[in-house]
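The values are calculated or read from the model by the stated rules, or taken from the named source; none is laboratory data. Given the structure is predicted, the values throughout are model-derived calculations rather than measurements. Reconstructed Cβ throughout: ideal geometry from the backbone, glycine too, with neighbour counts over all protein chains shown.
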Amino acid sequence: MNILLHADFNTPYNTFPFNNISIADIAEAIAEGMRQENEEIARIIDNPETPTFENTVVALNETGKVLERATTLMYNQLSANTSDELEKLAQEISQKLSEHQSSIMLNASLFERVQAVNENFHSDDAEECMLMEKTMRGFLRSGAALTPEKKEHLKAINAEMAQLALVFDQNRIKETNAFELYVEDKSMLIGLPDTELEAAAETAREHGKEHGWMFTLHAPSLQPFMMYAENEGLRRQMYLAANTRCTHNNEYNNYEICRKLINLRLEKAQIMGYKHFADFILSNRMAESTERVNNFINDLCHHYKTSALEDLANVAEMKEQCIQKGHDKCSESFEPWDFAHYSHLLKLRDYNIDPEMLRPYFPLDRVIEGVFNLATTLYGITFHEDVSIQVYHPDVKAYRVHDHDGRLLAVLYADFFPRENKQSGAWMTSYREECKHKISDGSWEDERPHVSVNMNFSKPTSSKPALLRLGEVSTFLHEFGHALHGIFADTRYKALSGTNVLWDFVELPSQFMENFALEPKFLHTFAKHFETGETIPDNLISAIRRAQNFNAGYACMRQVSFAMLDMEFYTRTEPIPAPSSGSTVHPIARIEHEVWKKIGLQRFPQETSMTAQFGHIISGGYAAGYYSYKWAEVLDADAFECFKEHGIFDTATAKRFRETILSKGSTVHPMELYRNFRGRDATIDALLRRDGMHSAQIIRGK
């Protein structure tokens, strides 16, 4: 029996029975799900009654449940627990799934019914109004009003993009796993702390090496290596390996995939009547226009670039001083693989703070407890590990989340460690989204969400538990903020639920939570030494806070540079040409390096490419939207100042944040949601204060 074909899994809280589902089950459920949804769509179209909000818009929102279950499982597992068999299925099915979705959104008869409802629609219910607006906008932005010829063209574009994006991500995983740096001579690893050496030794043993140390391109290995290793040659080797992923002359080269995806998005936008892809995307964002995004980016450059150049010069000067003192025997030029290392030494000198000093106070179990207790303090919710809930890998923990009154709010999966069959980075996703179903007596039955946070943290070793860096604690808080957005969802319609908000608003709940990482009152609640139980000393917290704005200018401009690269690709009005015969530099790499040169911060080797592995803007949802991180950062800094004004654990402020933002999803325009919480528009002042900058600009709504 294929359990995916049934609405009831007969599991705790109807969670996925991962152990009882095969790849063949997923394939069968996808095929059957498409067939069933086609029948459901046909019933809506063939309904002889006059089109209404209930029999057309709400009915459409309820279609495709079998297909949604199967594809949700497939795509989430492709990111977190992939296999050759699953990737093969995804490649085989992606075009069919794209064509299926296009056949619905480009169906003239279905669109005619939706239009008829929209033309006569009147409601005092804000959520009904938003669903109507979002449904109508979804059809128009999917091309429902196009000519038949343009619809067919758009279908082909969508199908090709789906396939290319899938291969892009699979190539990133394979290239990340393909590189290993194996070192047998310990003298080459001077500077690396014992904790990193122990982890590298265990990695070597896992790969069949009885002796020596192995380093990989997974973040918990790569990042500390670049920070601590004194050997410039090895730092250079690791840097180039990391930054040339998917650029080599092999089957995993992503350059042509990038070029084709960027060009296809341009082609799609122009079919839809827009000048370029950025205009198409931003017409459905808080920012609203390319001009406004560019102005925002320019404002950030105005406030931060001078500071960024000073930060860079200070780090370069640190290298010069180390050479003059005879500490380092290396090249005199300042290279990209030097930045993390000498930035660390400069921070240690000026603030007496080193990530290794903090790690003993951040054992993962204590951090989990601290983050969960923070949510309990703010919102009254509680977390209970539940081993009866199946998980897809032994690393994963499952929790029940209960509200202050004992009601089940959600199931939370937490997947903390890197694996060879898992994407790099960190993300939140859902296995089931919150919504409500109308039952026979006319009331609404709530279906609670199943959400997942996925990280790639430092793993435990044979002698120590998983000890996190402060940056990893911030990452946990970030993804947990996304999770709270899903956990607190309280909407009737799935399309409006949780994180289904405008893309430049979705990072507010996540980035807001990061603010707590530097708050002494929060750190004192959980940060205790894994061996002695000693609470993190006040002098360490003071050092952290003094160093809060260290390289803040550079960090901001780094994010801004990514946004500028994104806009460079997606404001093009002409396709990127194919590489010319005999050319040694792919057009994608050339454009990227022109952007870096224009920004004028640091030189990058010509053979490196961020774009070839930049999933956010190539295969993810941030194409023409990477500015969203900084946009939402303005909101999160402003929102957290409200908490600081009343006390960071103030439950009344937290209740208002939950009720006005976290629970509302997309039932209200995000600018209005923010005003409902703060009582005004957000200004950039709070962000500038937090980063040690000055001046003020207002992000205004309509």
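Taking the range 222-271 as the range and being touching a Phe, Trp or Tyr at 6+ places or on another chain (Cβ under 6 Å) and not hydroxyl-bearing (Ser, Thr, Tyr) as the test, the residues that pass are 225, 235, 236, 238, 241, 246, 254, 257, 262, 265, 266, 269.
Is one or more of the residues making up the range 526-533 in contact (Cβ under 8 Å) with a residue 40 or more places away in the chain, buried (at least 23 other Cβ atoms within 10 Å of the Cβ) and farther than 23 Å from residue 674 by Cα? Checking the range 526-533: at least one residue is in contact (Cβ under 8 Å) with a residue 40 or more places away in the chain, buried (at least 23 other Cβ atoms within 10 Å of the Cβ) and farther than 23 Å from residue 674 by Cα. Of all residues in the range 160-194, those satisfying the criterion of being more than 30 Å from residue 99 (Cβ to Cβ), under 28 Å from the mean Cα position of the chain (by Cα) and polar (S, T, N, Q) are 176, 177. Residues in the range 239-266 that are of a type in the set (A, V, I, L, M) and touching a Lys or Arg at 6+ places or on another chain (Cβ under 7 Å): 266 alone.
Taking each residue of the range 232-252 that is touching a residue at least 24 places away in the same chain (Cβ under 8 Å) and over 14 Å from residue 172 (Cβ atoms) and looking for partners that are basic (Lys, Arg) and assigned to a helix (DSSP H, G or I) with beta-carbon atoms closer than 9 Å, six or more apart or interchain, yields nothing. For the range 563-619, a residue qualifies if it is out of contact with any His (no Cβ under 6 Å at 6 or more places or on another chain) and among the β-branched types (Val, Ile, Thr), and the qualifying residues are 576, 584, 585, 588, 591, 595, 599, 608, 611, 617, 618. The combined condition, being crowded, with 19+ Cβ neighbours inside 10 Å, more than 30 Å from residue 221 (Cβ to Cβ) and of a type outside the set (Gly, Ala, Ser), is fulfilled by residue 389.
Looking only at residues in the range 392-431 that are of a type in the set (Gly, Ala, Ser) and within 18 Å of the chain's Cα centre (by Cα), the one that is surrounded by the most Cβ atoms within 10 Å (Cβ to Cβ) is 414.
Scan the range 425-448 and give yes if some residue there is touching a residue at least 24 places away in the same chain (Cβ under 8 Å), of a type in the set (A, V, I, L, M, F, W, C) and assigned to a loop (DSSP other than H, G, I, E, B), otherwise no. The answer is yes; a qualifying residue exists. Against the conditions (1) at pLDDT 95 or above; (2) in contact with a Phe, Trp or Tyr (Cβ under 8 Å, 6 or more places away or on another chain); (3) not in a loop (DSSP other than H, G, I, E, B), residue 309 satisfies every one except (2). Comparison of 647, 600, 679 shows that the only residue that is under 24 Å from residue 239 (Cβ atoms) and either modelled with pLDDT under 95 or over 23 Å from the mean Cα position of the chain (by Cα) (or both) is 600.
If you go through the range 233-287 and pick out every residue that is closer than 30 Å to residue 137 by Cα and outside any loop (DSSP other than H, G, I, E, B), you end up with 21. Please go through the range 497-550 and give me each residue that is among the small types (Gly, Ala, Ser), more than 27 Å from residue 138 (Cβ to Cβ) and assigned to a loop (DSSP other than H, G, I, E, B), ordered by number. Matches in the range 497-550: 527, 533, 547.
Residue-wise test of (1) within 30 Å of the chain's Cα centre (by Cα); (2) within 26 Å of residue 424 (Cβ to Cβ); (3) without any contact (Cβ under 8 Å) to a residue 60 or more places away in the chain.
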| position | (1), (2), (3) |
| --- | --- |
| 32 | no, no, yes |
| 43 | no, no, yes |
| 66 | yes, no, no |
| 72 | yes, yes, no |
| 75 | yes, yes, yes |
| 86 | yes, yes, no |
| 89 | yes, yes, no |
| 101 | yes, no, yes |
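Screening 388, 307 for residues that are among the polar types (S, T, N, Q), within 30 Å of residue 642 (Cβ to Cβ) and not assigned by TED's automatic domain parsing to the domain that holds residue 239 leaves exactly one candidate, 307.
Output the residues belonging to the range 164-188 that are assigned to a helix (DSSP H, G or I) and either of a type outside the set (A, V, I, L, M, F, W, C) or touching a His at 6+ places or on another chain (Cβ under 6 Å) (or both). Of everything in the range 164-188, those that are assigned to a helix (DSSP H, G or I) and either of a type outside the set (A, V, I, L, M, F, W, C) or touching a His at 6+ places or on another chain (Cβ under 6 Å) (or both) turn out to be 169, 170, 171, 172, 174, 175, 176, 177, 186, 187. On the given criteria, is residue 499 touching a Gly at 6+ places or on another chain (Cβ under 8 Å) and not assigned by TED's automatic domain parsing to the domain that holds residue 57? Taking the combined requirement at face value, the residue satisfies it. Applying a threshold of 6 Å to beta carbon distances and a minimum spacing of six or more residues, or different chains, the list of pairs starting in the range 181-206 at a residue that is under 15 Å from residue 235 (Cβ atoms) and ending at one that is hydroxyl-bearing (Ser, Thr, Tyr) reads 191/228; 192/228.
Being in the same structural domain as residue 130 (by TED's automatic domain parsing), on the phi > 0 side of the Ramachandran plot and out of contact with any strand residue (DSSP E or B) (no Cβ under 6 Å at 6 or more places or on another chain) is a property that does not hold for residue 33. Pairing residues of the range 283-303 that are under 19 Å from residue 598 (Cα atoms) and touching a residue at least 60 places away in the same chain (Cβ under 8 Å) with residues that are surrounded by 21 or more Cβ atoms within 10 Å (Cβ to Cβ) and of a type in the set (Val, Ile, Thr), at Cβ distances under 8 Å and at least 6 apart in sequence or on separate chains, gives 297/560; 299/684; 300/560; 301/560; 303/684. Taking the conditions exactly as written (outside any helix (DSSP H, G or I), more than 28 Å from residue 663 (Cα to Cα) and not aliphatic (A, V, I, L, M)), does residue 330 satisfy them or not? So residue 330 fits the description; yes. Starting from residues that are touching a Phe, Trp or Tyr at 6+ places or on another chain (Cβ under 7 Å) and part of a helix (DSSP H, G or I), keep the ones in the range 199-221 and report whichever is nearest to residue 605 (Cα to Cα). So the residue we want is 221. Among the residues making up the range 1-54, those that are outside any helix (DSSP H, G or I) and surrounded by fewer than 15 Cβ atoms within 10 Å (Cβ to Cβ) are 1, 6, 7, 8, 10, 22, 47, 48, 49, 50. Answer yes or no: is there a residue in the range 56-63 that is under 22 Å from residue 160 (Cβ atoms) and part of a helix (DSSP H, G or I). Looking through the range 56-63, none of the residues is under 22 Å from residue 160 (Cβ atoms) and part of a helix (DSSP H, G or I).
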